[in-house]
Amino acid sequence: MRRNYRIGVLGSGFIVSECHLVSYAKAGYEVAAIASRTKAKAAAVAERFGIPVVHEDYDTLLGDPSLEVLDIAVPPQHQPDLIRAACAKGTAKAILAQKPLALDFAVAQDLVKCCREAGILLAVNQNMRHDPSVKAAKGLIGRGELGDMVFATIDMRGVPHWQPWQAETGGATMKIMSIHHLDCMRHWFGDPERLFCSVRPDPRTGFPHQDGICTYVLEYADGMRAVIIDDVWTGPVREGAPGEIRIEWRIEGLDGLAIGEIGWCKDPYTSPSTMRYGRKGDPAMQVAALEGAWFPDAFAGTMGDLLQALASGDPCVLAGEDNLRTLALIEAAELSVRERRSVALQEIIS
């Protein structure tokens, strides 16, 4: 894979300084320029990571003809304008956008079309796919080691660090955390036929929202079922009570079972992920030998997918077109909450 595509980064917040750039440095990617809303903040990040160019603002960076790949890491309500501006400039070959691609499904569709017409390869940073345990589980499923799928769960009991900009989006968990877990189910098992979602506000989260604690039931055509529980309250653990913070997943097949834990919501956030699995005839569960953690290691994977697709001309795993189907699940969940019913995916994407 060619690693020296010149990358321009838009944004200088936590996700850039503690995840993107840390992971890119390990992978040997060439970050050539950075811009942020505040030039001084961008300059501080540039100095830390040895980024040679700090642009005055986003528009100046977007007009830099030397940059081949744009890494956009800004709040989702501001991302569409930057993607459209990049398409209008027409200098970049590819964009890695944050998830959610947009807060509205129709806007996301327009962004995918805009990039396609501008000849820009668009990928979406669904980085949970590159968590070590998620990748290992994908391998087990792909090799058929667990047999036909029966039931799967992702159970998050953790307290995220909500960002101030989230208050502007009108939501909490669904488009920030649940989108990872819904995309992960798609990654493992493909698209479900139907989805049911039930939500309630989180008692701890102060800004207006409905989707604090979210539960999803996914129904697949072959009879397989999946359940996602995203509990950002997880008891009064911030108020002095003991608690068990975790993100655990479980996949059950006719021939075996796999259980994993993702270390992201623990302290430190770089805690490694784990997986154990057992199959018919195994005397005991086997422990997978995994390396790395979701944060920050997975971020080299998402950028790597984009760079590989750019170099080879092969389809991008995290292409914007594919990500529309993950956003369709979010749209279906919102409709399910409003109308208190299960929603077929085809109602959204037809």
Can you give me the distance in nm between label points at Arg2 and Arg338, each placed 7 Å from the Cα along the Cα-to-Cβ direction?
4.4 nm
Whose amide H sits under 5 Å from the amide H of Leu121, counting only residues 5 or more places off or on another chain, with H placed in the peptide plane?
Ala94, Ile95
Can you list the residues of the range 207-230 with backbone N under 19 Å from a point 7 Å past the Cα of Gln77, pointing along Cα to Cβ?
207-212
Can you tell me which lysines have their Cα less than 29 Å from the Cα of Lys39? Leave out same-chain residues fewer than eight positions away.
Lys26, Lys89, Lys93, Lys99, Lys175
What is the ratio of the Cα radius of gyration of the range 112-270 to 2.2 N^0.38 Å, with N the residue count, to two decimals?
1.13
Applying 1/(1 + (r/R0)^6) with R0 = 51 Å to the Cβ-Cβ distance of Arg225 and Asp314, what FRET efficiency is obtained, to the nearest 0.05?
0.95
Ordering of 310-320, 255-265, 113-123 by burial proxy (mean other Cβ atoms within 10 Å per residue, highest first):
255-265, 113-123, 310-320
Which whole number of Å³ per residue matches the convex hull of the alpha-carbon atoms in the range 1-129?
104 Å³
Stokes-Einstein D in µm²/s, Kirkwood radius over Cα pairs - the range 206-350 at 4 °C with 1.567 mPa s viscosity:
69 µm²/s
Against the 2.2 N^0.38 Å rule of thumb, the C-alpha Rg of the chain sits at a ratio of 0.98
Show me 194-200, 85-91, 158-164 ranked by packing, highest mean number of other Cβ atoms within 10 Å first.
194-200, 85-91, 158-164
For the range 145-229, what is the per residue volume of the convex hull drawn over the alpha-carbon atoms, in cubic angstrom?
101 Å³
Counting only DSSP beta bridges with both residues in the chain, what percent are antiparallel, rounded to the nearest 5?
60 percent
Say we join alpha carbon atoms closer than 10 Å with springs in a Gaussian network model of the chain; which of Glu219, Glu145, Glu168 then has the biggest fluctuation?
Glu168
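Since every read-out is calculated from the coordinates, none of them should be taken as a lab result. Only a predicted model underlies this, so the values are computations on that prediction, with no experimental measurement involved. As a convention, Cβ positions derive from the backbone with ideal geometry for all residues, glycine included, and neighbour counts pool all protein chains shown.
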